[in-house]
């Protein structure tokens with residue numbers, strides 16, 4: 001086997017069409033992302049059919065650009081990795097179809113990658129010292145998980161959300177207070193102008209599930225507060241609402257993650273997913289980890305949101321472990337962590 005292993009990663013699970021080339025699982029040679037935020041903003045959220053059509057338009061372009069930026073050709077690539085779940089089925093099919101076609105034509109191994117496992121692997125890019133085992137808090141628009149990373153391809157779910165994911169709650173609350181889509185970054189920005197203790201929104205606990213999450217309650221509490229203000233003709237301070245809501249979510253995420261790490265004896269916590277770029281979450285996690293002698297890791301914002309570099313990184317470790325996918329690889333929109 002040659003010294004350097006190059007993986008071409010492809011990601012199309014939602015509204016980002018992306019391709020990247022990664023060397024040896026840690027060095028990003030290229031990372032190309034075509035975002036659809038502008039068009040979906042018109043509709044207040046992601047429209048699956050539009051997302052799929054845009055992926056078809058852009059997929060070949062981003063792959064070609066990723067190879068060009070990395071100054072390599074398909075001949076130099078050792079394997080093709082692609083997100084095959086979870087996500088929007090139509091969007092996933094575009095990336096999976098492109099990856100299978102390239103793997104077949106170029107006679108390269110194909111490696112299907114779990115999207116959330118890719119988010120976890122994003123931490124390896126900038127933290128060369130990070131190796132399993134560690135605890136990872138995955139917080140995105142569709143997922144909120146506490147995952148124990150036992151090995152590069154072995155995961156144990158410690159907790160998950162019973163309803164809305166944290167990012168989903170951010171989007172819904174942002175829409176309710178008139179911020180629009182995408183909600184997470186807009187709430188983060190507005191919250192800096194508000195008082196996080198102005199309104200006491202609930203912090204839900206799940207009976208018998210110490211490390212699980214529920215964010216539908218806090219979302220409903222915000223909506224009820226807004227409706228109450230409207231009925232009583234009380235002016236709403238949107239910054240206070242944003243800050244108080246964000247604080248309620250962050251408190252729960254940090255408390256559960258720190259407590260789980262201490263119980264499991266883990267001295268490393270990583271944060272992953274789109275909400276991992278939230279400034280309040282990062283600050284609270286940093287403070288909590290420092291108080292408990294836990295080392296905190298998180299990716300730069302560009303590697304928090306959907307990207308193909310993280311898929312290539314996880315693809316590298318899957319490839320090195322001998323994982324290979326057949327040309328019958330299909331999109332699995334509800335794929336669970338650890339499933340193959």
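Counting only residues that are assigned to a helix (DSSP H, G or I) and in contact with a helix residue (DSSP H, G or I) (Cβ under 6 Å, 6 or more places away or on another chain), which one in segment 95-118 is nearest to residue 312 (Cα to Cα)? Looking at residues that are assigned to a helix (DSSP H, G or I) and in contact with a helix residue (DSSP H, G or I) (Cβ under 6 Å, 6 or more places away or on another chain), I get 118. A single entry from 72, 149, 173 fulfils the requirement of being closer than 30 Å to residue 224 by Cβ and in contact (Cβ under 8 Å) with a residue 24 or more places away in the chain: 173. When 49, 64 are checked against the criterion of being farther than 17 Å from residue 312 by Cα and either assigned to a helix (DSSP H, G or I) or more than 21 Å from the chain's Cα centre (by Cα) (or both), 49 stands alone in meeting it.
Within segment 1-23, track down each residue that is out of contact with any helix residue (DSSP H, G or I) (no Cβ under 7 Å at 6 or more places or on another chain) and not in a strand (DSSP E or B). If the condition is that a residue be out of contact with any helix residue (DSSP H, G or I) (no Cβ under 7 Å at 6 or more places or on another chain) and not in a strand (DSSP E or B), then 1, 2, 3, 4 are the ones that fit. Can you tell me which residue in segment 222-251 is surrounded by the most Cβ atoms within 10 Å (Cβ to Cβ), limited to those that are out of contact with any helix residue (DSSP H, G or I) (no Cβ under 8 Å at 6 or more places or on another chain) and in a helix (DSSP H, G or I)? Taking the candidates together, the pick is 244. In this entry, residue 179 passes the filter for residues that are over 30 Å from residue 21 (Cβ atoms), surrounded by fewer than 24 Cβ atoms within 10 Å (Cβ to Cβ), touching a helix residue (DSSP H, G or I) at 6+ places or on another chain (Cβ under 6 Å) and in the same structural domain as residue 277 (by TED's automatic domain parsing). Looking only at residues of segment 256-267 that are touching a residue at least 40 places away in the same chain (Cβ under 8 Å) and in a helix (DSSP H, G or I), we find that the one that is nearest to residue 130 (Cα to Cα) is 261. Does residue 328 satisfy being closer than 27 Å to residue 150 by Cβ, part of a loop (DSSP other than H, G, I, E, B) and either out of contact with any helix residue (DSSP H, G or I) (no Cβ under 6 Å at 6 or more places or on another chain) or not assigned by TED's automatic domain parsing to the domain that holds residue 170 (or both)? Judged against the criteria, residue 328 is not a match. Say whether the condition of being modelled with pLDDT of 95 or more, closer than 16 Å to residue 256 by Cα, touching a strand residue (DSSP E or B) at 6+ places or on another chain (Cβ under 9 Å) and surrounded by fewer than 23 Cβ atoms within 10 Å (Cβ to Cβ) is met by at least one residue in segment 296-312. So far as segment 296-312 goes, yes, one or more of its residues are modelled with pLDDT of 95 or more, closer than 16 Å to residue 256 by Cα, touching a strand residue (DSSP E or B) at 6+ places or on another chain (Cβ under 9 Å) and surrounded by fewer than 23 Cβ atoms within 10 Å (Cβ to Cβ). When 198, 221, 204 are checked against the criterion of being over 19 Å from residue 37 (Cβ atoms) and free of Cβ contacts under 8 Å to residues at least 40 places away in the same chain, 221 stands alone in meeting it.
The values are calculated or read from the model by the stated rules, or taken from the named source; none is laboratory data. The shown structure was predicted, so the numbers you read here are calculated from the model rather than taken from an experiment. Note: ideal-geometry Cβ built from the backbone for every residue, glycine included; neighbour counts use all protein chains shown.
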